[in-house]
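The values are calculated or read from the model by the stated rules, or taken from the named source; none is laboratory data. Please read all numbers here as calculations on a predicted model, not as lab measurements. Here the Cβ is made from the backbone with ideal geometry for all residues, glycine too, and neighbour counts use every protein chain on show.
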Amino acid sequence: MTNKEIANAFAQLAELMEFYEEESYKIRSYSNAYRVLRAVDQPLSGMSLNELKAINGVGDAIANKILELVQNGRMRLLDSYLEKTPAGIVALLGIKGMGVKKVQQLWKDLSIESPGELLYACNENRLSELKGFGLKTQQNLKEQIEYYFQSLEKYRWASVEKEADDLLDDLSDLFEKVSLSGAFKQLNPVLEAIDFVAETDDFTKLAEAAILNEAVDKGSSFEGRCKNSGVKIKIHKAEKGFFGEKLLQNSSSEQLFNIIKGKVSNFKDLDEKAIFEQAGLAFIPYELRDMPGIEKMTQIPDLIKLSDIKGVIHAHSDYSDGQTTLKVLADYVRSCGFSYLGITDHSQSAFYANGLKTDRVLKQWEEIEILNKGFDDFIILKGIESDIKNDGELDYEDEILKGFDFIIASIHSNLKMPEEKATARLIKAIENPYTSMLGHPTGRLLLARQGYPIDHKKVIDACAANKVAIEINANPLRLDLDYNFLPYAIEKGVKISINPDAHSKEGVHDLRYGVQVARKGLLTVENCINSFDAAEFLEALKK
Ligand SMILES: [Zn+2]
Ligand SMILES: [Zn+2]
């Protein structure tokens, strides 16, 4: 155990004791130990009890705890605090810039228990108004948390996108043939590294260019980390003439690659298109290449594209927790070339998000009608994101519910439920005659919060039976409905809407992440209702 590790254990102990508001003199002695031990230049792990006690600022209790750490690799007192603290809180305390007071406040005021929940709250602008936080702190925390997730060796696709593009540029200067590959190329929402394939006899050029940190030549690949962020990078070597084969291998499931390999005698100088032709298969887009059984598909359907999307459904204005006014948001959406905006602020139970009480719903409807008079090629639809209450009911009286053009029903509270309860709660809401669409079905936040477990098939069946559409929430943290359930939903005739859940103008562009996963689930325009025009969109939601 290094001095730093030993010192850090005391820092963590002090932090946890502060979190539980233990006596301050104890906390002080442990945080003092942290500072003292960090500065010791001889290895603590080799010292006797007396030697430890001879260090200025180390008393009997601290010295014994150091011995305990060195001998057992752990400290009982620290363990006892770790055991009673949710792992997410421990993780939050470990994030730079957080501090005990902030973690306590976030826990108390916003029920935030993990870094993922905090990141989501930052993205939804929840901290900007919180006492002691504000916009700048929110931005700082956001950056710290992104970093925290990257250090966990798993990355959301959207968070490494820029990195991947920049690296591709750098690598293109070095190699004649180079491509992104692997999980990134397959548009997987979560990945463990950014993969590339490069045609080269050796990686010396790469080593010389010093593009990566911690770079190692592993023979068939060259691995390292991105200089700025530490994201893991793998560059796979394709031998001259075999770029197509390597790219295919590195961006397909093993099963798919083996099937093709069995049908193609010689890959030399074949690009991927030629390989698929020789194998007698339709060209399989990258995003489908890890789908089990995809090779059996004789024709790949025309998958949905971002340019097919005509309406922005599910967006929040500053009536609830969005950053801009309804007018600014609508003008922006229109200027992006969309023909309608389905505004869906939060409903009244969502007090943390400034949900709309009835009078403010009426006020918003009034404003929508005025704004709509000013458009001849665009319309704002009166929607709402209604909380699904604990008993499965929606969040307004029928009188109000029937005034909306459409209603997205979503769960935002009491997320800790067993599968049976969660499924029943959703189905109750789906059966409500006013529900048009189910919002983010599981409440998950990728790499951050698992979400409540649901029986996806039962939920999809209920949507089919009640003519309720399901959203793919395109926020890259959510991507919920999970694309793996799309083929089943499509088979059951359930309509899908790809929704950005935008809380700002920029948030509208999250749509593309939703389209990406929709493609992975074989979604086409016929089943994607916000690729219809506004009248057809509403028609598709009619019971
Ligand atoms: Zn929501
Ligand atoms: Zn929302």
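Assorted remarks:
- The single condition among (1) among the charged types (D, E, K, R); (2) surrounded by 12 or more Cβ atoms within 10 Å (Cβ to Cβ); (3) at positive phi that E146 does not satisfy is (3).
- The lone exception for L141 - which of (1) hydrophobic (A, V, I, L, M, F, W, C); (2) more than 17 Å from the chain's Cα centre (by Cα); (3) at pLDDT below 90; (4) surrounded by 19 or more Cβ atoms within 10 Å (Cβ to Cβ) it fails: (2)
- Pairs linking a residue in segment 169-181 that is assigned by TED's automatic domain parsing to the domain that holds E287 and of a type outside the set (A, V, I, L, M, F, W, C) to a residue that is modelled with pLDDT of 95 or more and not in a strand (DSSP E or B), with Cβ atoms under 7 Å and 6 or more positions apart or on different chains, are K177/F243; S179/L247; S181/L247; S181/N250; S181/S251.
- Per the listing V508, V515, the residue uniquely assigned to a helix (DSSP H, G or I), in contact (Cβ under 8 Å) with a residue 40 or more places away in the chain and either within 16 Å of ligand 1 (Cβ to nearest atom) or not assigned by TED's automatic domain parsing to the domain that holds T344 (or both) is V508.
- Every condition in (1) of a type outside the set (K, R); (2) modelled with pLDDT under 95; (3) not in a helix (DSSP H, G or I) holds for E295 except the one numbered (3).
- The set of residues in segment 193-225 being assigned to a loop (DSSP other than H, G, I, E, B) and modelled with pLDDT of 95 or more consists of A193 alone.
- Annotation note: of L477, L523, L538, the sole residue that is closer than 30 Å to D331 by Cα and within 16 Å of ligand 2 (Cβ to nearest atom) is L477.
- Among residues of segment 408-443, those that are within 12 Å of ligand 1 (Cβ to nearest atom) and aromatic (F, W, Y), counted: 0
- Tally of residues being assigned to a strand (DSSP E or B) and of a type in the set (V, I, T) across segment 226-241: 2
- Options I529, I490; residue that is more than 16 Å from ligand 1 (Cβ to nearest atom) and free of Cβ contacts under 8 Å to residues at least 60 places away in the same chain: I490
- Tally, over segment 337-365, of residues that are over 19 Å from I407 (Cβ atoms) and more than 16 Å from ligand 1 (Cβ to nearest atom): 3
- Of all the criteria given as (1) touching a residue at least 40 places away in the same chain (Cβ under 8 Å); (2) more than 15 Å from ligand 1 (Cβ to nearest atom); (3) more than 20 Å from D331 (Cβ to Cβ), the one not satisfied by L381 is (3).
- Residues that are among the aromatic types (F, W, Y) number at least 2 in the following helices (runs of 4 or more DSSP H) confined to segment 72-183: 135-151.
- A single member of D391, D387 is buried (at least 18 other Cβ atoms within 10 Å of the Cβ) and among the acidic types (D, E), and it is D387.
- Count of residues meeting criterion [within 26 Å of G94 (Cβ to Cβ) and assigned to a helix (DSSP H, G or I)] in segment 12-51: 25
- Residue match in segment 289-309 (condition: within 30 Å of T358 (Cβ to Cβ), touching a residue at least 60 places away in the same chain (Cβ under 8 Å) and touching a strand residue (DSSP E or B) at 6+ places or on another chain (Cβ under 6 Å)): no
- Taken across segment 291-310, residues that are within 16 Å of ligand 2 (Cβ to nearest atom) and in contact with a Ser or Thr (Cβ under 9 Å, 6 or more places away or on another chain) do not occur at all.
- Qualifying residue in segment 467-476 (condition: in a loop (DSSP other than H, G, I, E, B), away from ligand 1 (no atom under 15 Å from the Cβ) and surrounded by 23 or more Cβ atoms within 10 Å (Cβ to Cβ)): yes
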